[in-house]
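One structure, pasted below without further comment.
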Amino acid sequence: MEKNAILGHRAQLEALTRDMETGNISHAYLFEGPAHIGKFTVAKWFATELLSKHVETSEEKKQIQEAVRKLIHPDMLVLDKLWMHETFDDIDALAKYSNVPQHHRIKSKAKTDTISIDDVRAMQDRLIETGTGKYRLCLIRSVERMQHEAVNALLKTLEEPPEGVIFLLTTEAATGLLPTLVSRSRVTAFQRLSRKEIAPLLEDVSPEDTAFLTMIAHGAPGTIVRLRDDADALRSARLVHTQAVSFWEDASLADRLKLLSPMEKRGESSDMFLKHLALALHEDVLHKKTRMIEHLHALSHGLQTNASRPILLQRFAMSVTAAER
């Protein structure tokens, strides 16, 4: 992907370009910012530029770009999506997301996308192999997924990185990472895109869908592309948003508890409904909005703990219903 094809993030792209032009390349970069705003896209662009830095022809660069796109370049390791039990039919289904070996996850029937020490060791085993060029790139998405032992294993590599190895890490919040990991990386902050910057993604989209996608994406181009190109996913998002709006309307306690039932288990469905509850509340211009924000914040915080989710949801529904009286 060419730099001009990337939406937004001009300052970040120019800073990385200067690093290459001056030779001031860090052994580790940490790209920080909200989900789906393009951090990993920039990481892949940077990796492509480094891997093709010394090629002499445009044809060679195209070949490298294609190899990076297909995750088959021998000097680039990517740890993005992880194999989970009952999520992927086989290891080959991961090929377009990650190329770090994950057979150990199949053997252990891994059920979460937490990055374990075994995942880091599989990556490290690949890093000791002989590279074909000056640089070897290692991209890891969402390093906040790492277990403590995995972080320590990565830190050992960052302390004494193999020659030519560059780590490109992404995270939604550096404050949630170990300070030692942050201090050993060059942190680059990314922000949400403006409406003007994401406009090219919506050129052929209906006004109704444009308004909805702009609202729920909140400056995240990855969210727009995923829903724009998947009619089923877009319909699902609309349904969830309608349900979230219904929750804030004058619904009964029983109706609210029913609407909250998908949140009783951790997972994507729970996270999605919580997000749409916040979006629907933001749309609400009635006087009750301010009173409900505190209840929603309390729920969000509670769901991040080990507290009983059904009890948290029941208290939340009761608090909202009582506040309306």
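Assuming a viscosity of 1.567 mPa s and a temperature of 4 °C, what translational diffusion coefficient in µm² per second does Stokes-Einstein assign to the stretch 3-189, Rh being the Kirkwood radius over Cα pairs?
76 µm²/s
Could you work out the helix-only [θ] at 222 nm for the chain, with each DSSP H run of four or more residues adding -39,500 (n - 2.57) and the total divided by the number of residues, to the nearest 500 deg cm²/dmol?
-15500 deg cm²/dmol
Counting pairs of alpha carbon atoms under 8 Å apart in space and at least six apart in sequence, what relative contact order in percent does the stretch 3-189 give?
Numbers: 255 pairs, mean separation 60.1, N = 187.
After rounding, I find 32 percent.
Here's a follow-up. Using the Kirkwood formula on the Cα atoms of the stretch 25-72, what hydrodynamic radius do you get, in angstrom to one decimal?
Across the stretch 25-72, the inverse of the average 1/r is 12.0 Å.
Starting from the 7 Å offset along Cα-to-Cβ, what nm value, one decimal, do you get for the label separation of Ile91 and Ala254?
5.3 nm
Please list, by residue number, every one of the GluC sites (Glu not before Pro) in the stretch 1-85 that is coil in DSSP and has at most 11 other beta-carbon atoms within 10 Å.
Details: sites: Glu2, Glu14, Glu21, Glu32, Glu49, Glu56, Glu59, Glu60, Glu66; in loops: Glu2, Glu56.
Counting only loop positions with at most 11 other Cβ atoms within 10 Å, the GluC sites (Glu not before Pro) in the stretch 1-85 are Glu2, Glu56.
Order of 191-202, 215-226 by packing, highest average Cβ count within 10 Å first? Before the final figure, lay out each step's value.
Working: 191-202: 14.8, 215-226: 18.6.
In descending order of packing, they fall as 215-226, 191-202.
Could you list the chymotrypsin sites (Phe, Trp or Tyr not before Pro) in the stretch 88-156 that lie in coil according to DSSP, counting only those with at most 16 other Cβ atoms within 10 Å of their Cβ?
Tyr97
Working from Cα positions, state the angle (0 to 90°, nearest 10) between the long axis of helix 268-283 and the longest principal axis of the chain.
60 degrees
Give me the tail of P(r) for the chain as a percent: Cα-Cα pairs with distance above 27 Å.
Counting every Cα pair in the chain, those more than 27 Å apart make up 53 percent.
Using alpha carbons only, how many degrees (0 to 90, rounded to 10) separate the axis of helix 117-127 from the longest principal axis of the chain?
Roughly 30 degrees between the two axes.
Rounded, prolate or oblate for the stretch 230-323? Axes are the square roots of the Cα gyration tensor eigenvalues, ordered a ≥ b ≥ c, and the cut-off for rounded is a/c under 1.5.
The shape class here is oblate.
Every number here is computed from the coordinates shown, using simple stated rules; none is lab data. These numbers were taken from a predicted model, which means no experiment stands behind them. Here the Cβ is made from the backbone with ideal geometry for all residues, glycine too, and neighbour counts use every protein chain on show.
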